[in-house]
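Take a look at the structure set out below.
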Amino acid sequence: MNKIESKNVHLYYGDFHALKGISMSIQENTVTALIGPSGCGKSTYLRLFNRMNDLIDNVRIEGDILLDGRDIYKKNIGMRIDELRKKVGMVFQKPNPFPKTIFENVAYGLRVNGIDHRSFIEERVETSLRQAALWEEVKDKLKKSAFELSGGQQQRLCIARALAIEPSVLLMDEPASALDPISTSKIEELIYELKTKYTIIIVTHNMQQAGRVSDRTAFFYLGDLIEYDDTPVIFTNPKDIRTQSYVTGRFG
Amino acid sequence: MTKQTKEYIAFWIFRILSFIVLAILIWILYFIFVRGWHMLSWDFLTKMPEDGMTKGGIYPAIIGTLYLVAGSMLFAFPIGVLAGIYIHEYTNDSKFKRFMKLMTNNLAGIPSIVFGLFGMSLFVKTLNFGDSILAGSLTLGLLALPVVIRVTEEALIAVDDSFRHGSLALGASKLITIRKVVLPIAMPNILTGLILSIGRVSGETAPILFTVAAYFLPKLPTSIFDQVMALPYHLYVISTSGTKVQESRDMAYGTALVLVLFVLILNLLANALRRYLGNKVKMN
Amino acid sequence: MKRKFKQFTEKLIEGLLLISGSLTSITVLLIVIFLFKEGLGLFTTSPMENKNVIVVNKLNPVEHLTAGQIKKIFDQEITNWKDLGGKNDTILLFTINDLSNYFSEEEIGENFEYLPEKLNSIVDSIPNLLAVYTDKYLVKELKGKIVKVDKNNIPDFILGREWFPTAEPAVQLGVLPLILGTLLVSIFAILFALPIGIATSIYMAEVANERVRKILKPIIELLAGIPSVVYGFFGLIVIVPLIHDTFNLPVGETALAGSIVLAIMALPTIITVSEDAIRNTPRSMKEASLALGANRWQTIHRVVLPYSMSGITAAAILGIGRAIGETMAVLMVTGNAAVMPHSLLQPVRTIPATIAAELGEAPQGGVHYQALFALGCILFILTLLINIWVEYVSSKQKFKK
């Protein structure tokens, strides 16, 4: 069964038609890269899966998005928004830790979802930090402010924070764009390890990154899904001329 | 309690408390409009006070306030705008800039009654202007100065640096860049701020108590060394310390209404200007 | 030539800008100089008004008195020299008004020409006498002894509990009741205003939709624009009678009335500053919270409020600063009794109200005049401390970003 399925999804910002009928399905435990030039709608599309676009005024969404076969946008019969967001974690472009301690950052998702059993939280914080390959670096300063970490560490903290509520899907919006090359490669290794447990969708500007980490790649252009295929196919043998131009660096 | 219930309750508390603010304003305005409205007449605005300020009009107080506003703004507008330009465009040294801002903030934080003390000590006594329009205007002008500076600064900050760079790259000097590019863009915001600061100045009482305001003076000033009556002080006098407080109640309502209307009109004007000039700049 | 002229003009304008920019600093400096020159002058003068002197018998061991002691003597709270460090003997008070008890009109002379001598003689003859008269009646060979009166000093000024700046023969300049009155009214004003102010700022920044905000924003601007006398008038006509009736008090002009009016006046400051602070919370931080399944309220109170706390604190402090310095509205509604405040339902007097009410009557250069400037200094220092506090608190917010 497909983990995520979108059927003919349209999105409008006021009069602007930002997504024009996107249909695609995503398999469980795969990494899917969304690529395309700026403003093509790839980030907007990513943010549909945890309903982050709801925050923006004047947004209209049409079509269906199913997670585990359940519609996430239909009120009443669909999935409740906080239930959805527990299942779908998100990592943002820039590291955005909360003004709290390292520990409390990771524990945040548990606490807001009504978990306050202390030893359970402690255990989950440690597991998540280990999964995010950050535990060894921070285990002695869990009570320190998250702002004391380096940019790369902060981003891994944000990944740990997302993992703590045990989502099954992880959305990543250019997670390494604000980081140096060493931190970037750490994040990429992490993505590779995480895909055994999670379904990952990643938006990236970086062609090499998409090539390195993803199993499937979708190319967006001006709100349309141009091509969606196995990553090697997209990069070596694209069917559409626009995809070819983009991946070979001729525009965007 | 589920988190949805908590959110529901919290948001309703916020909503209710916010509408208390709205209710307070309506309460104040309603009370002043309803009780002051019947006082508002051409005679009220253009006649001298009579019978121990229980009858007649508030003409000298209106004129006095207009003189004081004009005088203080004549002082504070140019200097404040120039100072704002200097602080934002000319001080590169961040320490110096911080110091200047700190001083502006300090001046803004000084209570108006202290301005009154200072104005009396410097303008009335030391410089020997006496209780006069000049002394009062300068005191009010100093009070308005930090407001004007801040308004100017904020307007300048809102001007994107690309405009400056664009002009400088074409070989224009800094001064020309400011005059031809930066100021025209910042002007709507500066003007709105200035209009709002007129409202502030026109309502101030404490700084004019000992520098210009006359308790009762049923004639118009002939020079800047004359005393004048002023609306806010007049309201204070007839509502608290006049000889016939009860009899002058109606006069007080009328005066309060005129003051509020003045501020209200200035606010509306500022908003209209913001919208009008804002659109105009965008179109260019 | 033309170019030189142009350069010259530019330099001239830059000079003009520099002068304008420095004017705020100069003004602050001038305010400090003028305020403190007059205010500190107080502490080199005597509390004795109208050149009065205190004369006692030569054998009386008491050398000097304080203004407070003199008042107590006149109020008959101190009646024995023992309490002043002298012998055990009752104090016999003598002022010019008591003259007729001692001498007939002929003895003094038609134009008081014999008065100095007579005064001299009674000081000499009555050992427990304390005489107060002006120094023009002093004779050269004084048989009595002039008691020195301690100069006004800072501890007595700040900690004194009696404010009678026109009392005879010695003024009482204790400003503690005024300081406490100011703080009481201001702090309660903020306690009333903070919940409403913060709730409104959260509502405007995070909860309300665009349409509601467009209504609320100009309302708050207008609230900020209403002159303080109008608030005072409103307080006088509406709030004072309301308090009078609700609490069944003899007078409605109370600290509570002042606090309520000041609370209304502080609202715009609190709302605007804390709304800005709340708005400064990075969008990405809020999104991260929502993405973790938190709802909007959880996001506000767990992420937005902690992040903007220093800005909200700054708003509260600024509000206190505004309240402390507010003059007219407070003057009109607090009843202005210079007594130590014990409850909110009692008239109090604040520092600004005292200055506004009394400066007009204080003769220039006199003790009272100087004392009012000294009050101005206290007010200035208070607001300066508050400004520094605000700077400090908001600099912490900048660091966090």
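The values are calculated or read from the model by the stated rules, or taken from the named source; none is laboratory data. Computed from a prediction, not measured in an experiment: that's the story for all the values here. All Cβ positions, glycine included, derive from the backbone under ideal geometry; neighbour counts span all protein chains shown. For the accessible areas, the whole protein counts, side chains as well, though only heavy atoms, and no ligand, DNA or RNA atoms are used. Shrake-Rupley method; radii C 1.70, N 1.55, O 1.52, S 1.80 Å.
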Taking region B:190-266, which trypsin sites (Lys or Arg not before Pro) meet the DSSP loop condition and have no more than 13 other C-beta atoms within 10 Å?
-> B:219, B:244
Output for region A:184-252: trypsin sites (Lys or Arg not before Pro) sitting in coil per DSSP, at most 14 other Cβ within 10 Å, listed by number, reads A:197, A:239, A:250
Before rounding to the nearest 500, sum -39500 (n - 2.57) across all DSSP H runs of length at least 4 in chain B and divide by the residue total; then give [θ] at 222 nm in deg cm²/dmol.
-> -22500 deg cm²/dmol
With every protein chain in place, the protein assembly as shown: carbon and sulfur % of accessible area (1.4 Å) | 59
Once amide H atoms are built 1.01 Å from N in the peptide plane, which residues 5 or more positions from residue A:221, or in another chain, come under 5 Å H to H?
-> A:226
For an R0 of 22 angstrom, estimate the FRET efficiency from the Cβ-Cβ distance between residue B:268 and residue B:33 and round to the nearest 0.05.
-> 0.90
Relative contact order of chain B, pairs being alpha-carbon contacts under 8 Å that are 6 or more residues apart, as % = 27
For the protein assembly as shown, give the share of DSSP beta bridges that are antiparallel, in percent and rounded to the nearest 5; count only bridges with both residues there.
-> 60
Computed [θ] at 222 nm, deg cm²/dmol, chain C (DSSP H ≥ 4; -39,500 (n - 2.57); rounded to nearest 500) | -19000 deg cm²/dmol
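How big is the charge dipole of chain A about its Cα centre, in debye rounded to the nearest 20, if each Lys and Arg gets +1 on its Cβ and each Asp and Glu gets -1 on its Cβ?
320
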Tilt relative to chain B, helix B:133-157 - C-alpha long axis, 0 to 90 degrees, to 10 | 30
Cα centroid distance between region C:313-336 and region B:177-198, in Å?
-> 31
Rounded to the nearest 5, what is the percent of antiparallel bridges among the DSSP beta bridges in chain A?
-> 60
What whole number of Å gives the distance from the Cα centroid of region B:2-25 to the Cα centroid of region C:373-396?
-> 34
Just the accessible area per residue of region C:176-400, please: how many Å² with a 1.4 Å probe?
-> 33
Per the helix-only calculation at 222 nm, which mean residue ellipticity applies to chain A, given -39500 (n - 2.57) for every DSSP H run of n ≥ 4 and division by its residues, nearest 500 deg cm²/dmol?
-> -10000 deg cm²/dmol
Whole number in Å², please: accessible area per residue of chain A, 1.4 Å probe, ligands, DNA and RNA not counted.
-> 44
Estimated FRET transfer efficiency (residue A:141, residue B:127; beta-carbon r; R0 60 Å; 0.05) = 0.45
Using the beta-carbon distance between residue B:74 and residue C:114 and R0 = 51 Å, what value does 1/(1 + (r/R0)^6) give for FRET efficiency, to the nearest 0.05?
-> 0.20
Between chains C and B, what is the buried accessible area in Å², counting both sides, with a 1.4 Å probe and ligands, DNA and RNA left out, to the nearest 100?
-> 6900
Could you give me the ³J(HN,Hα) list for region A:114-131, computed from phi with Karplus coefficients 6.51, -1.76, 1.60 and θ = phi - 60°, whole Hz, x at Gly and Pro?
-> x, 9, 10, 6, 5, 5, 5, 4, 4, 5, 5, 4, 5, 4, 5, 5, 5, 4
Straight distance only, please: which aspartates and glutamates reach the Cα of residue C:6 with their own Cα at less than 14 Å, same-chain residues fewer than 8 apart left out?
-> C:14
With viscosity set to 0.692 mPa s and temperature to 37 °C, compute the Stokes-Einstein D of region C:203-290, Rh being the Kirkwood radius across alpha carbon pairs; µm²/s, no decimals.
-> 213
Between residue C:148 and residue A:2, how many nm apart are label points set 7 Å from Cα along the C-beta direction?
-> 10.0
Total lysine pairs whose alpha carbons fall under 29 Å of each other in region B:40-283 (8 or more apart, or interchain) | 17
Separation of region C:92-114 and region A:107-174 by C-alpha centroid, Å?
-> 94
Quick one: if you stick a label point 7 Å off each Cα along the C-beta vector at residue C:242 and residue A:182, how many nm between them?
-> 6.5
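In debye, nearest 20, what is the charge dipole magnitude of region B:40-283 about its Cα centre with +1 on Lys and Arg Cβ and -1 on Asp and Glu Cβ, if you could check? Walk me through the numbers on the way to the answer.
On the way: 20 positive and 14 negative charges, 156 e Å.
That gives a dipole near 740 debye.
Over chain A, what relative contact order in percent results from Cα pairs under 8 Å that are six or more residues apart?
Numbers: 481 pairs, mean separation 68.9, N = 252.
Once divided by the residue count of chain A, the mean separation gives 27 percent.
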Put +1 on the Cβ of every Lys and Arg and -1 on every Asp and Glu Cβ in the protein assembly as shown; which of B:255, C:43, B:197 then has its Cα farthest towards the positive end of the dipole?
-> B:197
Which Cα, out of C:32, C:237, B:272, lies furthest along the positive dipole direction of the protein assembly as shown (beta carbon charges, K/R +1, D/E -1)?
-> B:272
Amide H contacts under 5 Å for residue C:160, placed H, 5+ residues apart | C:175, C:176
In terms of Cα to Cα distance under 13 Å, which aspartates and glutamates are near enough to residue C:217, apart from those fewer than 8 places away along the same chain?
-> C:275, C:276
Relative contact order as a percentage, region C:176-400, C-alpha pairs under 8 Å and 6+ apart, gives 29
Can you give the three extents of the C-alpha atoms in the protein assembly as shown along their principal axes, from longest to shortest, in whole Å?
-> 131, 72, 62
Residue-normalised accessible area of region C:52-151, expressed per residue, 1.4 Å probe, Å² | 58
Residue A:58 and residue A:15 label points (each 7 Å along its Cα→Cβ direction) are spaced in nm at 1.0
Taking chymotrypsin sites (Phe, Trp or Tyr not before Pro) as exposed when in a DSSP loop with at most 15 other Cβ atoms inside 10 Å, chain C has its longest clean stretch at C:248-401
With 5 Å bins from zero, work out the P(r) of region C:176-400 over every alpha carbon pair and list the percent per bin.
-> 1, 7, 13, 15, 16, 14, 11, 9, 6, 4, 2, 1, 0, 0
Restricting attention to region C:158-259, which GluC sites (Glu not before Pro) occupy a DSSP loop and are surrounded by at most 13 other Cβ atoms within 10 Å?
-> none
Simple Cβ-charge dipole of chain C, Lys/Arg +1 and Asp/Glu -1, about Cα centre, in debye nearest 20 | 3000
Please give the residues from region B:209-247 for which the solvent-accessible area of heavy atoms, probe 1.4 Å, is smaller by at least 50 Å² with all protein chains in place than with the chain isolated.
-> B:210, B:236
Per the charge dipole of the protein assembly as shown (beta-carbon charges, Lys/Arg positive, Asp/Glu negative, Cα centre), the residue among C:97, C:389, C:278 reaching farthest to the positive end is C:278
